Amino acid sequence: MKENSPNLAAILLAASIAAASGCKTAPPLSSGIDVVGMDNSVTPGDDFNVYANGGWMKATPIPADKASYGIFSVLADETRKRLLALIQDSAKAGSATDNDAHKVGDFYASFMDEAAIEAKGIAPLKPELDGIAAIKDRRDLARVLGAQLRADVDALNDTNFETGNLFGVWITQGLTDPSHSYPYLLQGGLGMPDRDYYLSVSPHMVELRKQYQAHIQAMFQLAGFDKPAERAARVFALETKMAGVHATRVESEDVHTAVLWKRDDLAAKAPGLDWPTLLTAAGLNDAPVFVIWHPKAVPGLSKLAAAESLDSWKDWLALHAVERSTAFLPKAFVDERFHFYGQILSGIPEQRPRWQRGMDYTSAALGEAVGKLYAQRYFPAETKAKVQAMVGDLVTAFGKRIDALTWMSPKTKSQAKAKLATLKVGVGYPDRWLDYSSLEIVSGDALGNAQSAGLFEYHRQLAKLHQPVDRGEWWMTPQTVNAVNLPLQNALNFPAAIIQPPYFDVNADAAHNYGSMGAIIGHEISHSFDDQGSQFDAEGRLANWWTKEDMDHFKAAGEALAAQFDAYKPFPDLSVNGHQTLSENIADVAGLLAAYDAYRLSLHGTPDALKDGFTGDQRFFISFAQSWRSKTRDEELRRQIATDGHAPEQYRAVTVRNLDAWYGAFSVSAPQKLYLAPNDRAHVW
Ligand SMILES: [Zn+2]
């Protein structure tokens, strides 16, 4: 998503002038759409994405330090600039600032002190590498593997399945027990993004594997290991075996494959690893029950822990220790890692400026300390109230849509309404901030600080195992440009950083705000009722509350949408995966429908005036497509298709073709390329 056109700049400037002058008379609302960024030579019904965004796409190169570029990137850049200003201001204020602000400043400054990092070389990582070198048996191996586990994955909220540790840990309420938190164990261990990268026969993947092995060798060389080529071959062979037991991305999305194992079941059902030693080192030995998200991969990885040579495991551990720490090591490490993960895997020519990376690591390490500073300055109570009201409109519109469904039984409808009524919506930032007082940040110790912050977060997550479940827990920081549905909490988070123009613009009209922010809110609400959300009840319990007939209808409608996305083919050898992206595609259609209803309701029956030559309905759909404007490098697009639950933005923008109202707004008819006969449009909601 992207927006840096003159139009938007003018809107932003006007807004800031109005704010600065304390201007009391409300200026007329703008259309909010970027007319210059459109391409009127294209018929909307042939390619709505290019129609809405073609001008922008032609005029906007992808910056050399980015894999893709769109509105998300623009807002993330803007947010980083704001955060930097906050850090600099609090540094100037000196001792008068609060403790958290100090920690944020020290973390950032330590990362920015490149001279100190160069002078230390790899010394800060030495204790960890020595610990790995000292492994002499399988018990030592289990202890080191366990000590590395972190709460670094998330199976249902922002669906992050990637970790370089042997297992990923996620701690949240039980799938059928909303009153207690459980540790979830997920597959891990790969250095490349997904099993496909190791196993696919596509020439592109075969070439990447060669490059990856060269990268591993280079990392060993930099870290001063002897026989780097041999070590690289061993690590690559081990990871390939891990990939062989990994679940696919589509399998990972199926909540029904998860099983509950008692602690002792781990040794019985996943033999190989010294589980008591691993769990003790991971701080998990007092957990009586585990949710095993990947019940085939966990035994598979455990078996490899016994079957593969200790030397292979030690090399693998050493490599991952270096990779994990690279950002805080000398430039040679950073450059080599960027060469593979940035340039080769994602096609990014140049690294981002150091201060931007520093800001991101600080934000990751001290998320809510940074978020508190951000929200205090940039998220006024007035904006929060307006967006809360908009959420209310969308919830109402969604409820009406449920009432009007002809295919859903009264029983399922009443359960759906109950779920909607208890939905907990977080806007901007959490009700309570995290307490960072026990986290020590040492000035000048860049790697040590990152390690302390990672451990602090892991301990915070472990502590949840002994605390009452908090339905108000946030899973995104306020400075994140994104939004998330939390199925187990029946809750939504809309971080402050996404609630800004062009998504939400107090100076733009309803058609614009409902087409962009409204569709995002609708998208997140609808996740509560999509193929994942439909499986969780009002308390977030995994329970089938749909009648069989309702579920059959819903699945059939979903299949049609999956087939629609399977047909999108950005490369001759690669299509979008309609099932991998199904939840998100259903959410896009449902969210857009609810946003459209809410927009119409907001007009109270009066026709919307023409603005910039477009009717209200046209502006609504153009705003939606413009909110998805994006350009992506080929390598990155391939990575996204392999690993992401979201379809590429260019296809999300044209999901308007599933709404009847879009056909009327732009007189779309056969044989235009996006035309779908009424029966072929996705009628999920
Ligand atoms: Zn989503």
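Read-outs: derived from the displayed coordinates by stated rules, not from any lab. Only a predicted model underlies this, so the values are computations on that prediction, with no experimental measurement involved. A quick note on method: Cβ atoms are made from the backbone with ideal geometry, for glycine too, and the neighbour counts reach across all protein chains shown.
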> Roughly speaking, what is the centre-to-centre gap between segment 415-431 and segment 629-685 when only Cα atoms are used, to the nearest Å?
Replying inline: 28 Å
> So between E114 and N482, what do we pick up on full extension, going 0.36 nm a residue minus the alpha carbon distance?
Replying inline: 129.4 nm
>> Give the lysines whose C-alpha is closer than 24 Å to that of K400, dropping any in the same chain fewer than 8 places away, or say none.
In response: K386, K411, K413, K417, K419, K424, K548, K555
> When ranked by the protection proxy of mean other Cβ atoms within 10 Å per residue, highest first, what sequence do the peptides 294-301, 347-354 form?
Replying inline: 294-301, 347-354
> Straight-line reach from K269: which lysines have a Cα under 30 Å away, not including same-chain ones fewer than 8 places off?
Replying inline: K136, K241, K296, K303, K314, K464
> Put a dot 7 Å past each Cα toward the Cβ at S414 and L29; how far apart are the dots in nm?
Replying inline: 3.8 nm
> Regarding the chain, what is the average projected area of its C-alpha convex hull, in nm²?
Replying inline: 29.6 nm²
> 222 nm [θ] for the chain, helices only, -39500 (n - 2.57) per DSSP H run of 4+, per residue, to 500?
Replying inline: -16000 deg cm²/dmol
>> At 7 Å along Cα-to-Cβ for each site, give me the label-to-label distance between L676 and E539 in nm.
In response: 3.7 nm
> Given H placed on each backbone N at 1.01 Å, which residues far from F536 in sequence or on other chains put an amide H within less than 5 Å of it?
Replying inline: A543
> Using the per-residue mean of other Cβ atoms lying within 10 Å as a proxy for protection, in what order, highest first, do the peptides 85-91, 518-524, 425-431, 566-572 fall?
Replying inline: 518-524, 425-431, 85-91, 566-572
> Which far-off residues, 5 or more places away or on another chain, put their amide H under 5 Å from the one on A508, with H placed in the peptide plane?
Replying inline: S30
> Taking the simple approach of a point 7 Å from Cα along Cα-to-Cβ for both E559 and A385, what is their distance in nm?
Replying inline: 5.1 nm
>> Give the lysines reachable from K631 as a straight Cα distance under 26 Å; neighbours fewer than 8 places away on the same chain don't count.
In response: K2, K58, K66, K81, K569, K673
> Looking at segment 111-203, which trypsin sites (Lys or Arg not before Pro) are in a loop (DSSP not H, G, I, E or B) and have at most 13 other Cβ atoms within 10 Å?
Replying inline: K136
> Relative contact order of the chain: what whole-number percent is it, with Cα pairs under 8 angstrom and at least 6 residues apart?
Replying inline: 21 percent
